[in-house]
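*Asks:* Submitted below is the structure of interest, expressed as structure tokens.
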Amino acid sequence: MEIKKVDLYDYKKKFKFFFSITASIVVASYIIVLTGNRIWENWEATDNLKNLLLFLLIMLAVIFNYLLQKQKKKLVLLEDFEEKLFFYKKLYLFRLSWYLFSASSSAFLYILTGRSLFFFFAVFDLAMTFIIYPNKRIFNAELGEYDIDYIG
């Protein structure tokens, strides 16, 4: 029988790194707008660009979700645990990168327009990263393995 071990320390370290960068970007955007700095004050031009960027962000979210579901199906089909773990690590970094990108985009739109709705989107994206905080329950469910020894 194969001994299945997962070192949560590496995943937690990556999570904390991405979370701190994302939080810094969100807080910086709040401070920038709080001090009265916005890229454009012209509401008509801002609205047109904002709508385009918002539509683009929604389309990217749909594509991300599709790719994520496709990758999860591939993960379940893998037999070897080490191969599964390697694949999951790439998937985990992909998710963390997405939340960083999404929150950064919302923060940029907040700086662009000064509208608090985009700040709330950025905070929401930041809060959503906690869904993938590395823990045993998530690993068991996503790897489809329930006899894993966890370290860290």
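None of the figures in this text is laboratory data; all of them are computed from the coordinates on show. These numbers were taken from a predicted model, which means no experiment stands behind them.
*Asks:* Which of Lys5/Lys70; Lys12/Lys72; Lys50/Lys72; Lys12/Lys50; Lys12/Lys84; Lys14/Lys84 have a Cα-Cα distance over 23 Å? Working shown, then result.
*Replies:* On the way: Lys5/Lys70 25 Å; Lys12/Lys72 20 Å; Lys50/Lys72 32 Å; Lys12/Lys50 34 Å; Lys12/Lys84 19 Å; Lys14/Lys84 19 Å.
Beyond 23 Å between Cα atoms: Lys5/Lys70; Lys50/Lys72; Lys12/Lys50.
*Asks:* Give the distance, in whole Å, between the Cα centre of the range 96-152 and the Cα centre of the range 61-91.
*Replies:* What the calculation gives is 17 Å, centre to centre.
*Asks:* So what are the ³J(HN,Hα) numbers for the range 113-126, from phi and the Karplus equation (6.51, -1.76, 1.60; θ = phi - 60°), rounded to whole Hz, Gly and Pro as x?
*Replies:* Values per residue, Gly and Pro as x: 9, x, 8, 5, 4, 6, 5, 5, 4, 5, 5, 4, 4, 5 Hz.
*Asks:* Using only alpha carbon pairs under 8 Å that are at least six residues apart, calculate the relative contact order of the range 47-150 and give it in whole percent. All intermediate terms of the calculation are to be shown ahead of the outcome.
*Replies:* Numbers: 52 pairs, mean separation 27.6, N = 104.
After rounding, I find 26 percent.
*Asks:* Kindly write out, for the range 135-149 in residue order, the coupling ³J(HN,Hα) from the Karplus curve 6.51 cos²θ - 1.76 cosθ + 1.60 (θ = phi - 60°), rounded to whole Hz, with x marking Gly and Pro.
*Replies:* Working through the residues one at a time gives 8, 4, 4, 5, 4, 4, 5, 7, 7, x, 10, 10, 10, 9, 8 Hz.
*Asks:* Under 13 Å from the Cα of Lys73, which aspartates and glutamates turn up, not counting those fewer than eight places away in the same chain?
*Replies:* Filter leaves Glu142.
*Asks:* What's the Cα-based Rg to Rh of the chain, Rh via Kirkwood?
*Replies:* 1.09
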